[in-house]
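The values are calculated or read from the model by the stated rules, or taken from the named source; none is laboratory data. Predicted, not measured: the structure shown is a model, and the values here were computed from it. Glycine gets a Cβ as well: all are built from the backbone with ideal geometry, and neighbour counts include every protein chain shown. Note: areas computed on protein heavy atoms with side chains; ligands, DNA, RNA excluded. Shrake-Rupley method; radii C 1.70, N 1.55, O 1.52, S 1.80 Å.
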Amino acid sequence: MKYHVLILLSAIFLSSFAQIQRCSTDEYVDFLKSKGSYNYHTHRINTNTNDNYNYNGNYNIPVVVHVLYNTNDQNISDERIFSQIETLNNDYNASNIELADVPEEFQDVIGNVGFNFFLAQEDINGSPFSGINRVYTEVDSFLGFSDDMKKSNQGGVDPWSTDCFLNIWVCNLSGNTLGFATMPDVVSDDLDGVVIDYEFFGIDLSSSSAYNLGKTGTHEIGHYFDLEHPFNGGCSDWDGCSDTPSISSPTYGCPSYPQSSCQTNNMSMNFMDYTDDACMSMFTICQAEKMQSALLNYRSGLIDCGVSLDGYVNPLNLIYPNPV
Ligand code: ZN
Ligand code: CA
């Protein structure tokens with residue numbers, strides 16, 4: 001009897017470790033609250049009118065990628081980083097190939113965010129830079145949601161001006177965590193940005209993971225621009241977007257359409273749900289509007305600091321041809 005209990009307990013123990021943590025943004029918020037450093041904000045943009053939506057939005061977002069590596073594997077290639085930027089630019093301009101798979105029911109609400117991400121070609125002093133900041137660390141893995149990777153004195157690397165740059169830390173995260181992000185205004189400037197595990201950053205066709213197509217980046221940057229998970233409030237409209245159908249729980253894997261909950265068909269192909277990378281394909285119009293509003297109202301430094309695009313070559317069509 002004891003033996004069976006032991007086996008059962010170790011099975012639970014092992015399966016809890018094997019389970020992937022698709023996104024730990026919500027857990028990171030709890031972590032901030034527990035240490036009293038969560039900045040409760042009331043600005044949350046909550047609109048379904050689409051009054052402010054710019055269908056021809058064309059906003060350039062300068063990016064700094066901090067690659068924190070302890071092993072050679074963790075020191076991912078330039079090409080992997082370019083493939084992440086390419087994925088973002090397809091996904092945020094409604095030109096990703098997966099859009100062809102969106103069911104007819106949801107075609108009318110596909111949103112074009114209109115953000116172009118580019119690797120910063122100069123630092124804040126105007127000196128030439130690649131946009132990729134490679135830093136060796138003695139730390140072999142960082143806790144799945146913590147702040148250490150953002151602090152030089154903890155084996156991480158301090159951000160560049162979080163007003164002017166989208167800071168992305170790529171590092172080895174423990175606990176099978178894929179990534180997490182800070183929503184606008186919820187943390188102090190020195191912690192603001194996106195963290196993604198090195199295995200799930202960019203496109204890696206040699207990987208057998210279901211998360212190898214760069215969609216973790218797309219999802220986490222959605223949070224960075226104020227998007228919520230559509231499933232957080234169960235069947236209530238938690239995310240403030242009536243064009244994302246309420247869904248009772250996260251969707252994993254790659255379900256066939258239609259699947260339903262909360263009396264509607266699930267939009268499981270939304271970038272803010274939890275499906276496999278190959279099965280995520282769209283933001284909605286409301287989500288695009290929220291992100292544009294977040295950029296203009298809370299992250300305007302990204303466009304106002306005047307980080308120059310000069311010398312930047314958009315690394316498109318590296319791996320996937322752009323269908324548009
Ligand atoms: Zn998330
Ligand atoms: Ca909704």
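State all residues of region 91-107 that are surrounded by fewer than 21 Cβ atoms within 10 Å (Cβ to Cβ) and of a type in the set (S, T, N, Q); if no residue qualifies, say none. Steps first, please.
Taking region 91-107 as the starting set, the residues that turn out to be surrounded by fewer than 21 Cβ atoms within 10 Å (Cβ to Cβ) are 93-95, 97-107.
Scanning region 91-107 gives Asn93, Ser95, Gln107.
Residues of region 224-238 being over 13 Å from Met183 (Cα atoms), open to solvent by less than 30 Å² (accessible area, probe 1.4 Å) and within 12 Å of ligand 1 (Cβ to nearest atom), which ones? It would help to see each step written out before you state the result.
Of region 224-238, the ones over 13 Å from Met183 (Cα atoms) are 230-238.
With open to solvent by less than 30 Å² (accessible area, probe 1.4 Å) added as a condition, the list becomes 230-231, 233-234.
Scanning region 224-238 gives Pro230, Phe231.
Among (1) open to solvent by 30 Å² or more (accessible area, probe 1.4 Å); (2) over 28 Å from Leu309 (Cα atoms), which single condition is Thr177 missing?
Result: Thr177 passes all but (1).
If I ask for residues that are open to solvent by less than 20 Å² (accessible area, probe 1.4 Å), more than 18 Å from Asn270 (Cα to Cα) and not aliphatic (A, V, I, L, M), which ones from region 201-220 would you list?
Phe201, Gly202
Kindly establish whether Met291 is modelled with pLDDT of 90 or more and touching a Lys or Arg at 6+ places or on another chain (Cβ under 9 Å). Spell out the reasoning first.
Values: modelled with pLDDT of 90 or more: yes; touching a Lys or Arg at 6+ places or on another chain (Cβ under 9 Å): no.
When the stated conditions are applied, Met291 does not pass them.
Among the residues of region 130-154, write down those that are over 22 Å from the mean Cα position of the chain (by Cα) and in contact (Cβ under 8 Å) with a residue 24 or more places away in the chain. Even if it seems obvious, please write down each step before you answer.
Of the residues in region 130-154, the ones over 22 Å from the mean Cα position of the chain (by Cα) are 136-140, 152-154.
Within region 130-154, Tyr136, Thr137, Glu138, Val139, Asp140 qualify.
Looking at region 265-282, which of the residues that are in contact (Cβ under 8 Å) with a residue 24 or more places away in the chain and of a type in the set (Gly, Ala, Ser) is most open to solvent (accessible area, probe 1.4 Å)? Don't jump to the end; show me each part of the working.
So in region 265-282, the residues in contact (Cβ under 8 Å) with a residue 24 or more places away in the chain come out as 265, 267, 269-282.
Of the ones still in play, those that are also of a type in the set (Gly, Ala, Ser) are 278, 281.
Details: Ala278: 58, Ser281: 6 Å².
Of everything passing the filter in region 265-282, Ala278 is most open to solvent (accessible area, probe 1.4 Å).
Go through region 169-182 and report how many residues are within 15 Å of ligand 1 (Cβ to nearest atom) and in contact with a His (Cβ under 7 Å, 6 or more places away or on another chain).
Total meeting the criteria: 1.
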